[in-house]
1. Looking at (1) in the same structural domain as T77 (by TED's automatic domain parsing); (2) at pLDDT below 75, which is the one condition that is false for K322?
2. I need the full set of residues from the stretch 164-199 which are among the polar types (S, T, N, Q) and more than 22 Å from L125 (Cα to Cα), in order please.
3. Give all pairs with beta carbons closer than 6 Å in which a residue from the stretch 199-222 that is without any contact (Cβ under 8 Å) to a residue 60 or more places away in the chain meets a residue that is of a type in the set (D, E, K, R); count only pairs at least 6 apart in sequence or on separate chains.
4. Does A164 fit the bill of being of a type in the set (A, V, I, L, M), more than 22 Å from L115 (Cβ to Cβ) and modelled with pLDDT of 95 or more?
5. Exactly one of (1) within 26 Å of the chain's Cα centre (by Cα); (2) assigned to a helix (DSSP H, G or I) is unmet by R57. Its number?
6. Sort through V223, V204 and tell me the only one that's of a type outside the set (S, T, N, Q) and either more than 37 Å from the chain's Cα centre (by Cα) or modelled with pLDDT of 95 or more (or both).
7. Could you list, in sequence order, all residues of the stretch 120-136 that are under 47 Å from the mean Cα position of the chain (by Cα) and hydroxyl-bearing (S, T, Y)?
8. Looking only at strands (runs of 3 or more DSSP E) that lie completely in the stretch 93-195, which have at least 1 residues being farther than 19 Å from R206 by Cβ?
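The values are calculated or read from the model by the stated rules, or taken from the named source; none is laboratory data. Quick caveat, the model's predicted, so the values are computed rather than measured. Neighbour counts are summed over all protein chains in view; Cβ atoms, including those assigned to glycine, are modelled from backbone coordinates with ideal geometry.
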Amino acid sequence: MLFARVDALGAKGLHHLVGGSGFRVVDIIAFVLATPVQFLFGFRFYRGSWYSLKQRRANMDLLVALGTSIAYFFSVTLLDAMAFETSSLLITIVLFGKWMETMAKKKTTAGVESLTKLAPRLVTLVSRPPSSQPIYSEPVNAELVSVDDHFQVNPGSSFPLDGAVQAGETTVDESMLTGESWPVRKGPGDAVYAGTVNGSGAVVVRCTASDSDSMLEKIIELVKRAQDSRAPIEAVADKVSATFVPAVLIVALAVIAIWFALIQSPVIPGDWADGEGNVLFSLLFGLSVLIISCPCAFGLATPTVVMMATSIGAQKLGIPYKDGR
């Protein structure tokens with residue numbers, strides 16, 4: 001793409017537009033389509049570059065802004081070396097990557113929210129066994145239940161809170177905690193946990209932990225901490241990214257200087273730069289370095305993987321991760 005050439009009978013340069021020299025229609029169309037992509041959709045990269053420069057740092061936004069701007073203005077200056085598609089495609093790819101990251105975060109948030117829905121929010125409070133009569137005509141919110149209160153759980157319902165069985169016997173599906181699908185038999189004195197599913201019989205349970213201190217809430221908090229934690233590779237990526245952008249800029253300038261020197265020497269045939277001039281010809285190679293060096297993987301891949309892994313592990317596999325390691 002970057003080194004595409006149009007026919008020698010085509011456009012001679014944008015500066016000839018007023019003078020009456022003809023242009024290929026495709027050149028004008030490319031200019032019209034690429035301009036809003038560069039300055040409208042790509043505005044966020046210019047803004048990010050400005051903020052990073054104010055903090056005396058170089059980030060991925062700076063690299064994208066430089067690479068796409070050089071490609072765009074190169075094409076504006078010399079339409080017979082089309083690079084409009086290069087700048088537009090790079091902006092599109094980076095924005096698509098950021099969109100994928102946003103979607104991954106939304107799915108992760110939905111995964112955590114699904115964990116909170118495992119435990120019902122309404123609790124049927126009853127008196128102490130053996131009477132076990134309902135205390136209120138309507139169920140109450142789980143947040144209002146105190147330790148040592150008694151509540152009843154019917155077959156097929158999930159336990160709203162952690163507790164100990166006081167009356168009745170049943171089997172409980174604890175797969176959301178242990179990953180074991182085989183039901184566990186429970187009787188008086190046995191512990192049950194919020195979010196697990198009551199199986200065969202109605203039981204009266206004494207609450208042993210408040211709603212905010214349940215095992216389920218601890219798992220949810222563990223998943224959230226794991227998502228917010230940083231994997232060791234992220235620290236390495238940060239260090240690499242901090243030096244990567246300045247290094248790329250230095251290499252790009254060096255490449256431009258080397259090719260500029262070569263094109264003026266007998267080593268490189270002079271007709272290689274026909275139609276462009278030595279400066280623009282050399283600039284192409286520096287632009288190539290900027291374009292292929294965009295560190296998208298450093299900035300996007302690792303955090304997204306950590307978030308998705310912790311969410312899927314807790315939601316679908318029943319495996320909560322302690323941190324991002």
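1. (1) is the only condition that K322 fails.
2. Of the residues in the stretch 164-199, the ones among the polar types (S, T, N, Q) are 166, 170-171, 175, 178, 181, 196, 198.
Once the filter is applied, which keeps residues that are among the polar types (S, T, N, Q) and more than 22 Å from L125 (Cα to Cα), the stretch 164-199 yields S175, T178, S181.
3. Matching pairs, first to second residue: G201/E169; M215/D162.
4. Yes; evaluated as a whole, the condition is true for this residue.
5. Tallying (1) within 26 Å of the chain's Cα centre (by Cα); (2) assigned to a helix (DSSP H, G or I), R57 fails exactly one: (2).
6. Exactly one residue qualifies, and that residue is V204.
7. T124, Y136
8. 170-173
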